[in-house]
Every structure is written in structure tokens, then in C-alpha cells.
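Visitor: I have a structure here, written as C-alpha cells, and I will follow up with some questions on it.
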């Protein structure tokens, strides 16, 4: 019997370091039944309530369950960008195979660039809902994020940003008012954008 097509849920969380984007992503993901977190920095906050896994065999085994909350740190000990991106791609292949899950890419600009996404990540962004996969991606710099990724986000949650290149992207994508507001956003305040509207909200929010 065909798998039901999941409603697309691809959120992009943007903002300076310490602005609150990762905290909000964790809050919005708190009810997920099956959650995989890419944690390249080994942050304590990501491991709360999660099974921390560094090795590939352990990741495959953990994903066999009906419910799981996994903090994947396969990229933390990577020697160089190639190993780090390989660990990122491996975990994404596992998520696609498992299906019906939410994947968080923290600091996704460390794994991708303005060019094409790695194959598994590209498949997740463009066709992940056929496998029931949802994505929350966090980044400090939207101009360093793959265009495949930023163009497919159905919801952008923007905290304070000031870099001119990022502000140009915000102007083109979210509108001139959002670009003007972005550098002045206060602590724990974000712009919540969809194609229908943009609203200023106090974090945390659903």
C-alpha cells in the first residue's frame, strides 16, 4: 500500500550566533516522535533527552525502533571538511531509509555551500515528504546556504541579522520591510515568514 504523502514541513531558522534560533528549533521539535539532530558542535542543549551517537552502526541500530530521539555527533570528531560532510550525508541517508521523522540540521552552512546539496540532503529537501521526512535547518548566514535549501523552505524564522549579503536575500525573499527590521530585532524576537504572511513574534512560539 502506498505511503501517504506527508504535508511539506521545511523550516529555515536564521540568525546570528546566540540569537535563539537553535533554542526555538528545539522547542518546535519537542513533540516529534522520531527525531534526528545533526549536532556538529557537541552542544549540551541538543543532547537533552536524546541518545547521543557517534558511530554509524549505532545510528542504524537506534533507528530500528518505532520512536527515537537521536543526537548525531558523527561529524564532531571528523578530520577536515570532507569527513564532516560524509558524516552528514550518511545520517541523511539513514533518515531517508527510516522515513516518518523530523531531521534538524544545526549550522547547516557548515555542511553545505551555495552550490548543489549533497545527494541525500538534496533528495530530502526536494522529495523527503514522499518518505514522511520533515526538515528544520539552522544557519547563521543564509548566503552560505545552498540555494536548493533556501528556495524550498516553506517557512523562514528570522532572528537578528546584519550582514549586507544576507539582508539582500531577506529583501528578495521576505520583503523590504523584513530586511529593514532584521538588524533591529530585539532579544528572542523573530520574524515568522510564509508565502502568505510575515509576523513578528516573541520566542518561543509554535
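The values are calculated or read from the model by the stated rules, or taken from the named source; none is laboratory data. Keep in mind the model is a prediction, meaning the values are calculated, not measured. Cβ sites come from the backbone with ideal geometry, for glycine too, and all protein chains shown count toward neighbours.
Visitor: Could you check the range 27-41 and list, in sequence order, the residues that are closer than 18 Å to residue 92 by Cα and within 16 Å of the chain's Cα centre (by Cα)?
Guide: Residues satisfying the conditions are 29, 32, 34, 35, 36, 37, 38, 39, 40, 41.
Visitor: Moving to a separate point now. For a quick check of your reading of the model, give me the residue pairs whose first member lies in the range 26-44 and is on the phi > 0 side of the Ramachandran plot, whose second is assigned to a loop (DSSP other than H, G, I, E, B) and modelled with pLDDT of 95 or more, with beta-carbon atoms closer than 9 Å and at least 6 apart or on different chains.
Guide: What qualifies is 42/73.
Visitor: Within the range 113-141, track down each residue that is under 17 Å from residue 14 (Cα atoms) and over 12 Å from the mean Cα position of the chain (by Cα).
Guide: Within the range 113-141, 113, 114, 141 meet the criteria.
Visitor: Could you check the range 1-116 for strands (runs of 3 or more DSSP E) lying wholly inside it with 2 or more residues that are crowded, with 18+ Cβ neighbours inside 10 Å?
Guide: Result: 10-14, 34-38, 68-72, 101-105.
Visitor: Scan the range 168-186 residue by residue and report those that are at pLDDT below 95, closer than 24 Å to residue 28 by Cα and over 21 Å from the mean Cα position of the chain (by Cα).
Guide: 186
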